[in-house]
Amino acid sequence: MQVQTRVDVFEDIFLVFLGLGTLVGVVVVAYTLYNAYKYRDDGEPADDEELPTLGELPTGGKGGKKLFLSFGISAIIVISLVVWTYGMLLYVEDGPDNNPEDAIEIDVEGFAFGWAYTYDNGIETNELVVPTDEPIWIEVTARDVWHTFGITDLRVKADAIPGEVDETWFMAEETGNHTAECFELCGFGHSGMTSDVTVMEPDDYEAWVDDQLTLTITLEDQDEQPVTEDFEVELEHEDNAEFDEDLSATLGPEDFENGTVEIGDFGQGGTYDIVVTSEQYDDVEDTISFTGPTDETFTLEDPDAADDEDADDGADEDEDEADDDNDDDESNDTDEEQTDGGDDE
């Protein structure tokens with residue numbers, strides 16, 4: 001679905017005014033030249049010429065029909081332009097009635113001194129990546145002070161004001177690299193408040209999204225060795241009920257390779273709850289913040305190994321206490337021998 005952007009609207013207004021202005025100008029100049037030639041002074045008055053008398057209002061010829069016709073046409077053109085332009089400007093102000101289903105929605109937040117982008121699929125980056133020939137809807141705000149978000153090459157601009165949201169939309173027609181800048185003086189780092197903007201082919205963009213929404217999970221034991229059997233992993237988005245697709249998965253040892261699994265099936269980032277259950281190891285419950293390529297490692301603890309370690313520690317402590325007692329006994333014997341030797345003397 002093609003969406004008319006603000007740039008398209010202002011281009012249409014410009015082209016309409018340019019076309020009508022050129023047409024009216026050509027007609028007026030041509031008519032003026034025609035009359036200048038037709039009524040040029042050849043030095044001899046026409047036989048049917050009726051000169052106006054003093055105090056008489058000129059009629060413009062033929063009862064003023066030409067004058068009335070010219071004013072009428074001009075009024076129609078001007079009124080039509082005013083009404084049409086007002087409607088187009090309302091479109092710029094309010095936007096289309098319905099947001100296209102295939103539009104990519106991106107939240108843009110300005111801060112001192114950079115830009116943060118959050119996609120509707122949960123991806124968070126500091127670089128704006130968009131496909132060609134698809135509507136891009138952005139909602140712009142600021143974290144601290146006033147900024148203005150703009151991409152000069154793509155003719156995109158929106159105010160970034162704390163506590164407010166300014167919405168705009170655009171479509172990029174060609175691939176390439178651009179720069180997003182701040183156009184509102186906001187502090188000592190204003191000139192460096194930029195970020196990269198990359199426009200890709202739709203297929204390349206889909207591949208980029210897949211790379212961003214890749215989750216890698218590794219399970220290891222206390223000795224940092226991969227866990228390859230006797231476990232089950234459950235993943236679920238914390239807002240799973242709000243999405244049409246099921247953002248949950250249950251994985252077993254057969255899904256892992258040497259203790260590691262790479263998941264690329266989730267089309268939505270965000271916060272995921274993870275539960276790892278096993279008969280051999282203690283259960284693990286945690287959350288994963290999944291807003292880009294994520295690699296998480298979970299250590300499974302063996303309770304029996306912990307008990308063995310406690311037992312070994314206890315045995316070591318007993319041995320240490322026994323050694324201390326032996327040292328004390330030997331010390332006491334030495335003291336007694338020294339005392340007996342002194343008495344003999």
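Has segment 213-234 got any residue that is hydrophobic (A, V, I, L, M, F, W, C), without any contact (Cβ under 8 Å) to a residue 60 or more places away in the chain and out of contact with any Lys or Arg (no Cβ under 9 Å at 6 or more places or on another chain)?
Checked segment 213-234: at least one residue is hydrophobic (A, V, I, L, M, F, W, C), without any contact (Cβ under 8 Å) to a residue 60 or more places away in the chain and out of contact with any Lys or Arg (no Cβ under 9 Å at 6 or more places or on another chain).
Looking only at segment 187-203, count every residue that is surrounded by 15 or more Cβ atoms within 10 Å (Cβ to Cβ) and not in a strand (DSSP E or B) and tell me the total.
The first filter runs over segment 187-203 and keeps only residues surrounded by 15 or more Cβ atoms within 10 Å (Cβ to Cβ), leaving 190, 193, 195, 197-200.
Subset that is not in a strand (DSSP E or B): 190, 193.
Count: 2.
Consider Glu11 against the criteria (1) loosely packed, with under 10 Cβ neighbours inside 10 Å; (2) charged (D, E, K, R); (3) modelled with pLDDT of 85 or more: it satisfies all of them except one. Which criterion is unmet?
(1)
Might you check whether a residue that is among the charged types (D, E, K, R), modelled with pLDDT under 95 and not in a strand (DSSP E or B) occurs anywhere in segment 122-132?
no
In segment 282-296, which residues are closer than 24 Å to Asn121 by Cα and either part of a loop (DSSP other than H, G, I, E, B) or touching a residue at least 60 places away in the same chain (Cβ under 8 Å) (or both)?
Restricting attention to segment 282-296, the residues satisfying the condition of being closer than 24 Å to Asn121 by Cα are 286-296.
Passing the criteria: Ile288, Phe290, Thr291, Gly292, Pro293, Thr294, Asp295, Glu296.
Condition (residue is polar (S, T, N, Q), assigned to a strand (DSSP E or B) and out of contact with any Phe, Trp or Tyr (no Cβ under 8 Å at 6 or more places or on another chain)) applied to segment 145-165: is it met by at least one residue?
No, every residue in segment 145-165 fails to be polar (S, T, N, Q), assigned to a strand (DSSP E or B) and out of contact with any Phe, Trp or Tyr (no Cβ under 8 Å at 6 or more places or on another chain).
If you check Glu262, Glu229, Glu279, which single one turns out to be in a strand (DSSP E or B) and not hydrophobic (A, V, I, L, M, F, W, C)?
Of Glu262, Glu229, Glu279, the one residue that is in a strand (DSSP E or B) and not hydrophobic (A, V, I, L, M, F, W, C) is Glu262.
For segment 163-177, which positions are surrounded by fewer than 17 Cβ atoms within 10 Å (Cβ to Cβ) and not hydroxyl-bearing (Ser, Thr, Tyr)?
Within segment 163-177, Gly163, Glu164, Val165, Glu167, Glu173, Glu174, Gly176, Asn177 qualify.
Search segment 176-187 for residues that are in the same structural domain as Val130 (by TED's automatic domain parsing) and pair each with any residue that is assigned to a loop (DSSP other than H, G, I, E, B) and loosely packed, with under 13 Cβ neighbours inside 10 Å when their beta-carbon atoms are under 8 Å apart and the residues are at least 6 apart or on different chains.
His178/Thr152; Thr179/Thr152; Glu181/Thr152
Would you mind stating whether Glu254 is assigned to a strand (DSSP E or B) and modelled with pLDDT of 90 or more? Before you say what the answer is, go through the steps one by one.
Values: assigned to a strand (DSSP E or B): no; modelled with pLDDT of 90 or more: yes.
No, not satisfied.
Kindly indicate the residue of segment 118-133 that is of a type outside the set (Val, Ile, Thr) and under 15 Å from Gln268 (Cα atoms) and also surrounded by the fewest Cβ atoms within 10 Å (Cβ to Cβ) among those meeting that condition.
Across segment 118-133, the extreme among qualifying residues is Asp120.
The values are calculated or read from the model by the stated rules, or taken from the named source; none is laboratory data. Fair warning: this is a prediction, and the values are worked out from it, not measured in the lab. As a convention, Cβ positions derive from the backbone with ideal geometry for all residues, glycine included, and neighbour counts pool all protein chains shown.
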